[in-house]
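Enquirer: I have a structure here, written as structure tokens, and I will follow up with some questions on it.
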Amino acid sequence: MKKPIILVNYKTYETSYGKRGLELAKTLERVSIDTSTEIIIAVPATMITRISQEVSIPVYAQHVDGLPEGAHTGAVLPEHIKDAGARGSLLNHSERRVRLDEMDDALKRMKKLGLESVVCVDRYELVVPMGLLYPTAILIEPPELIGSGVSVSKAKPEVITNAVKEIRKVEGVYLIAGAGISSGEDVFISIKLGSDGIGVASAVMKAKDPKKVVESFVLEALKAIDQK
Ligand SMILES: O=C[C@H](O)COP(=O)(O)O
């Protein structure tokens with residue numbers, strides 16, 4: 001992972017799959033190349049292979065199960081996403097919670113497979129406990145702001161500042177902030193407050209011009225990093 005971290009979670013929006021999902025990935029790859037910044041995309045499991053074969057930016061799954069290989073119908077295992085071409089996965093997103101034991105099992109297998117991991121938490125008090133499982137990054141998102149267009153940066157900046165204080169207790173784990181991020185200013189504030197990057201979904205997945213949106217995010221992120 002390279003700073004600033006711009007993580008776009010496709011979720012299951014109508015632009016998350018098929019030709020539109022692939023075209024969006026190519027657009028985000030273009031922005032990544034033009035601005036020399038890394039943009040990570042978390043895509044539906046069925047799109048991992050199709051997209052990872054077409055773009056050079058990191059493609060993540062949105063979830064993995066920490067279950068063993070065997071009789072677990074419908075599970076998505078770390079081995080599956082690795083084989084599909086994923087670089088990593090989100091874990092424990094507020095829309096897809098994971099039991100702590102399964103998260104620990106998943107993370108251990110992901111590390112063995114060389115997969116990156118972004119563990120989601122909904123409060124700063126969990127940054128250290130989850131950080132001590134040593135994922136690649138922690139993504140903090142107040143669930144009540146997700147999809148609202150009201151950003152954590154503006155509505156709850158203390159969530160970011162408290163999480164930044166906490167992540168400093170866990171060496172080598174990045175902190176990403178998300179929920180309601182919808183403008184370059186939201187990105188600038190988040191990174192100025194100390195996050196290593198942002199997580200975003202609706203502002204990009206529902207945008208008429210996602211290229212313009214993400215370009216503004218990247219430019220503000222780079223400006224914030226320069227001013228740190
Ligand atoms: O993973 C992304 C978060 O759930 C934020 O979603 P949002 O940007 O639509 O608020």
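The values are calculated or read from the model by the stated rules, or taken from the named source; none is laboratory data. Everything numeric here is computed off the predicted structure, so don't read it as measured data. In this analysis, Cβ positions are derived from the backbone assuming ideal geometry, glycine residues included, and neighbour counts consider all displayed protein chains.
Enquirer: Can you list residue pairs whose Cβ atoms sit under 6 Å apart, with the first residue in the stretch 208-223 being part of a helix (DSSP H, G or I) and surrounded by 15 or more Cβ atoms within 10 Å (Cβ to Cβ) and the second being of a type in the set (D, E, K, R) and modelled with pLDDT under 95? Count only pairs 6 or more apart in sequence or on different chains.
Expert: none
Enquirer: May I ask you to say which residue of Leu28, Leu7 is in contact (Cβ under 8 Å) with a residue 12 or more places away in the chain and away from the ligand (no atom under 14 Å from the Cβ)?
Expert: Numbers: Leu7 fails: away from the ligand (no atom under 14 Å from the Cβ).
The match here is Leu28.
Enquirer: Restricting to the stretch 182-200, give me the number of residues that are under 23 Å from Gly131 (Cα atoms) and within 14 Å of the ligand (Cβ to nearest atom).
Expert: The number of residues fulfilling the criteria is 7.
Enquirer: Which of the residues that make up the stretch 98-134 are in contact (Cβ under 8 Å) with a residue 24 or more places away in the chain, farther than 17 Å from Pro78 by Cβ and not charged (D, E, K, R)?
Expert: Answer for the stretch 98-134, where residues must be in contact (Cβ under 8 Å) with a residue 24 or more places away in the chain, farther than 17 Å from Pro78 by Cβ and not charged (D, E, K, R): Val121, Tyr124, Val127, Val128, Met130, Gly131, Leu132.
Enquirer: Within the stretch 10-25, can you find the residues that are more than 13 Å from the ligand (Cβ to nearest atom) and either of a type outside the set (A, V, I, L, M) or free of Cβ contacts under 8 Å to residues at least 24 places away in the same chain (or both)?
Expert: Initial filter on the stretch 10-25 (more than 13 Å from the ligand (Cβ to nearest atom)): 14, 17-25.
Glu14, Tyr17, Gly18, Lys19, Arg20, Gly21, Glu23, listed by residue number.
Enquirer: Sort out which residues of the stretch 93-141 are in a loop (DSSP other than H, G, I, E, B) and among the polar types (S, T, N, Q), and write them in order of number. Give the steps one after another, and end with the answer.
Expert: First pass over the stretch 93-141, keeping only residues in a loop (DSSP other than H, G, I, E, B): 93-99, 113-115, 122-123, 132-136, 141.
Residues satisfying the conditions are Ser94, Thr136.
Enquirer: All but one of (1) among the β-branched types (Val, Ile, Thr); (2) away from the ligand (no atom under 11 Å from the Cβ); (3) surrounded by 17 or more Cβ atoms within 10 Å (Cβ to Cβ) hold for Ile176; which doesn't?
Expert: Failed condition: (2).
Enquirer: So is Ala203 touching a residue at least 24 places away in the same chain (Cβ under 8 Å), of a type outside the set (Asp, Glu) and assigned to a helix (DSSP H, G or I) or not?
Expert: Values: touching a residue at least 24 places away in the same chain (Cβ under 8 Å): yes; of a type outside the set (Asp, Glu): yes; assigned to a helix (DSSP H, G or I): yes.
Yes: the conditions hold for Ala203.
Enquirer: Quick one: how many residues across the stretch 58-85 are at positive phi and over 19 Å from the mean Cα position of the chain (by Cα)?
Expert: 2
Enquirer: Still on this structure: Return the residue satisfying two criteria in turn: it lies in the stretch 95-112 and is surrounded by fewer than 24 Cβ atoms within 10 Å (Cβ to Cβ) and within 11 Å of His63 (Cα to Cα), and of such residues it is farthest from the ligand (Cβ to nearest atom).
Expert: My answer is Met103.
Enquirer: Looking at Ala84, Ala61, Ala45, which is the one that is closer than 20 Å to Ala201 by Cα, crowded, with 19+ Cβ neighbours inside 10 Å and in contact (Cβ under 8 Å) with a residue 24 or more places away in the chain?
Expert: On the way: Ala84 fails: closer than 20 Å to Ala201 by Cα; Ala45 fails: crowded, with 19+ Cβ neighbours inside 10 Å.
After applying the criteria, what remains is Ala61.
Enquirer: Let me ask something else. Kindly list, by first and then second residue, each pair from a residue in the stretch 181-196 that is in contact (Cβ under 8 Å) with a residue 12 or more places away in the chain to a residue that is of a type in the set (Phe, Trp, Tyr), limited to pairs with Cβ atoms under 9 Å and residues at least 6 apart or on different chains.
Expert: Short answer, once both residue conditions are applied: Ile181/Phe217; Ser183/Phe217; Gly184/Phe217; Asp186/Phe217; Val187/Phe217; Ser195/Tyr174; Asp196/Tyr174.
Enquirer: Considering only residues that are in contact with a helix residue (DSSP H, G or I) (Cβ under 6 Å, 6 or more places away or on another chain) and within 24 Å of Tyr60 (Cα to Cα), which ones fall in the stretch 143-159?
Expert: Leu145, Gly147, Ser151, Val152
Enquirer: A follow-up question, please. Please go through the stretch 142-196 and pick out each residue that is charged (D, E, K, R) and either within 24 Å of Lys212 (Cα to Cα) or part of a helix (DSSP H, G or I) (or both). Talk me through it step by step, then tell me what you get.
Expert: The initial filter retains those residues of the stretch 142-196 that are charged (D, E, K, R), namely 144, 154, 156, 158, 165-166, 168-169, 171, 185-186, 192, 196.
Glu144, Lys154, Glu158, Lys165, Glu166, Glu185, Asp186, Lys192, Asp196 - these are the residues of the stretch 142-196 that are charged (D, E, K, R) and either within 24 Å of Lys212 (Cα to Cα) or part of a helix (DSSP H, G or I) (or both).
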